[in-house]
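Here's the structure, in structure tokens; my notes come after.
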Amino acid sequence: MMKNLTHSKIGLLVLFSIVITNCDLIKMEANYPGISIYKTNGDYFNMVDMGMKGDRIVRYEGLHGAPYKLTISKDDTVYNRRVYLDDGYVLDTEADERYDVFLNLSFKEYFIMEEKFETLLILKDTLRKYILDKDPYVEFYRETIFHQKFSSLNIMNDTAEINNIIRNGEIEKYFERIK
């Protein structure tokens, strides 16, 4: 009897974990803006971005609260939602051309600052001091609704097809030019 009760508890725990994980994945997909390709005014690849409407900060997140977005080693902290592409383009799964501003903080510096402030969210007034570029995008493309072939997190590991599209001058065949 005790053994069956223990198995039942374990089964319920596993089921509960699966439900919670699936809810988190659905929530993540609902907030997922899709694949973007862009060029910026400077090399902001390793710089933190946040969202602003005018002078109001509308989106920023603590990196400690999103460890799945980072690869942390002894020497560096790398944001794994951006990948370099051919011809100076960057592939990004979270970029938002409407609100993005880049900070003069690398992901490692931002991560260290969070530890210093002992909080998941650095104070907004502190972040304002680090704004590097409020209009960073020279070109910005978002995957069109008709060609959602690239919208998966696996694209970050295999960019050969997108690089081919860039080399062949076919970006606008698969991506909508926003800017």
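The values are calculated or read from the model by the stated rules, or taken from the named source; none is laboratory data. These figures come from a predicted structure and were not determined experimentally. Reconstructed Cβ throughout: ideal geometry from the backbone, glycine too, with neighbour counts over all protein chains shown. Side chains are part of the model used for accessible areas, which takes the heavy atoms of the whole protein and leaves out ligands, DNA and RNA. Shrake-Rupley method; radii C 1.70, N 1.55, O 1.52, S 1.80 Å.
Would you be able to tell me the number of residues in the stretch 130-171 that are at pLDDT below 90, open to solvent by 70 Å² or more (accessible area, probe 1.4 Å) and either touching a strand residue (DSSP E or B) at 6+ places or on another chain (Cβ under 8 Å) or not acidic (D, E) (or both)?
Residues in the stretch 130-171 being at pLDDT below 90, open to solvent by 70 Å² or more (accessible area, probe 1.4 Å) and either touching a strand residue (DSSP E or B) at 6+ places or on another chain (Cβ under 8 Å) or not acidic (D, E) (or both): 7 in total.
F111 passes all but one of (1) modelled with pLDDT under 85; (2) buried (at least 16 other Cβ atoms within 10 Å of the Cβ); (3) in contact with a Lys or Arg (Cβ under 7 Å, 6 or more places away or on another chain); which number fails?
Only one criterion in (1) modelled with pLDDT under 85; (2) buried (at least 16 other Cβ atoms within 10 Å of the Cβ); (3) in contact with a Lys or Arg (Cβ under 7 Å, 6 or more places away or on another chain) is unmet by F111, namely (3).
Can you tell me which residue is farthest from Y141 (Cα to Cα) among those in the stretch 32-48 that are open to solvent by 30 Å² or more (accessible area, probe 1.4 Å) and in a strand (DSSP E or B)?
In this case the residue turns out to be M47.
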